[in-house]
Structure formats: C-alpha cells, structure tokens
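The structure under discussion appears below in the form of structure tokens.
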Amino acid sequence: MKKIIYTTLSGAILSLSLLLNSCVSNADSPGLEYAPDMYRTPGIETYVDYGEVRGRENKQWKGRLSALTPPRNTVPYYGTDSSEVMLMLPYFRKPNVAFRQTHGLYGWDYSTADEYTLAVNDKNPITLDKDNAETYISKGKELFTAMCQHCHGEKGDGQGPMVVSKAYSGVPNYVGLAATEGQMFYSIYYGKGMMGSHGSILNKKEIWSIIHYIRRIQDANYGKFDANGAAVSTLVSDTTNAN
Ligand code: HEC
C-alpha cells in the first residue's frame, strides 16, 4: 500500500515539476522544448553569418557569405514586362581574349573575334521619347555621378578629380569620342585600356541609361523633342538589335 502511495506521489511531483518547468512568463515562448530540432531545422539558413549559428561561434566561417552567388547567366526576375526582361538578359557579346590578362576577367567565355569592332552597330535598346527621356537621362546622370565622374569629370571632359590630382591619366573627353553607343556599352561592360570593367556592378539597363546621359553631354539637345514629338538632336539612337 505504502509503495503505491509513494509511486503515485513521486509520479505526481514529477508531472507537476515538468508541468511547471514548461511554463514561462513570456507569452511568445513555446516553453521548454524537449526536442528543439523537431521545431526548428538545424540547417543553416541563407543570409546568416556562418561564424555564429545559434550562439555557437565558428571562427573559421566568420564573415563568410552564406547565400551563394547565383550561377552565371541566370536572369534576375524583374516582372513580366518583356522589354525590361530583355534588358536583364546577359550581355550577348563576349570579352576579347586579351581581356583575360588585361582586365582580369577570368572564367569567362572569350571570343577570338574582335568583339569591340563588332559592337560598332549595337544600338541602345532603350528608346527615348518625350515622356521617358528625362527619367532615363537623369537616372544615367545619377549613376554617372556616383561611379564615373571621379575619372571622367562632371562635364565628361576627362578632367575628374582623379585626373586633376595626377593620380590617373588617359581619360578621354566625351565630346568628340569616336566610339559608337554599342562600343561604349562594350567598354563600360568589360573595360577598356585603363578603365576597369563595370559589368558586375551595373546592370544593362543602368549602363544604357548612362549612355543616354553621355549622349546628352555630347549634345545638349540629345533626348529633347519638339512639339510634334520629333527628336531635336541628330544623335538619336534607333532601336534595332542590341539587348
Ligand atoms: C578609374 C577611372 C575611370 C572610371 C571610374 C571610369 N572610366 Fe571610363 N574611361 C577611363 C579611361 C582611362 C578611358 C580611356 C580608355 C581607352 O580608350 O584606353 C575611359 C573610356 C571610357 C569611354 C570610351 C570608351 C570607348 O570605347 O572609347 C566611355 C564611354 C566611358 N569610359 C564611360 C565610363 C562610364 C560610364 C563609367 C562609369 C560607370 C566610367 N567610364 C568609369 C577611365 C575611367
């Protein structure tokens, strides 16, 4: 009889203590978890610092990107507007073989042809009209000011602070530049001479917008339209093939 009472009593104490233990004052807490891995996956999530997972430090992995870089030639999703999607596709021209040494573009598919010369007829796929011109040109200006102006100069005359300080030289004046817009794109994307490649930091839409702005620097009437909607400048880009 005594044995039964003791067993019942210790059973009751045990259940009570378990019950009380699983109570916490924080209403958002699930309480004591007996098998936390069942509730939360121990798998490492994307966008976390591998160096510290669940409070456990792992110095070897500190500061390491947990999200992998998307595979090459994958296309970011930019909605369903097909004209925009075309602009996001990878640039169809390959870098010239020489770029492997000169611009450090390792791991790319190279072309044995002179792609810069082939780019001569590539056209800006963003067509300006009286409604959109200022939007694209001002976006181009904004990007140019942030990423190019220190070399190319505010006026695009090749006299940016880097050049004026004599830290850098050989930057051309945009006015009188022989390159066509297709070649400008190629040069901005892969680099040219002393200019590095910008293909990894600007998408195609951004580069083409900057090229519209460079055209505005070359001709103050570029991207301006008369009352009938006709382009004032003769430097109008027509849209044919480039994407
Ligand atoms: C570090 C300095 C530097 C930066 C930054 C720079 N450029 Fe250049 N850029 C140069 C130099 C130098 C050249 C001349 C290259 C040559 O012809 O050898 C050049 C040439 C060019 C050309 C003429 C290309 C051709 O085919 O003749 C264009 C267009 C151009 N840059 C646009 C840009 C744009 C747009 C940016 C910003 C996204 C930019 N550059 C950033 C230094 C720079």
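The values are calculated or read from the model by the stated rules, or taken from the named source; none is laboratory data. Note that the coordinates shown come from a computational prediction; the quantities given were computed from them, not determined experimentally. As a convention, Cβ positions derive from the backbone with ideal geometry for all residues, glycine included, and neighbour counts pool all protein chains shown.
Filter segment 68-110 down to the residues that are surrounded by 10 or more Cβ atoms within 10 Å (Cβ to Cβ) and of a type in the set (Asp, Glu) and list them by number. Across segment 68-110, the qualifying residue is only GLU84. When you scan segment 134-144, do you find a residue that is free of Cβ contacts under 8 Å to residues at least 60 places away in the same chain and hydrophobic (A, V, I, L, M, F, W, C), even just one? Among the residues of segment 134-144, not one is free of Cβ contacts under 8 Å to residues at least 60 places away in the same chain and hydrophobic (A, V, I, L, M, F, W, C), which makes the answer no.
Of all residues in segment 180-210, those satisfying the criterion of being surrounded by fewer than 20 Cβ atoms within 10 Å (Cβ to Cβ) and of a type outside the set (Gly, Ala, Ser) are THR180, TYR189, LYS192, MET194, MET195, HIS198, ILE201, LEU202, ASN203, LYS205, GLU206. Look through segment 24-50, keep the residues that are modelled with pLDDT of 70 or more and of a type in the set (Asp, Glu), and return whichever of them is surrounded by the most Cβ atoms within 10 Å (Cβ to Cβ). For segment 24-50, the residue satisfying everything is ASP49.
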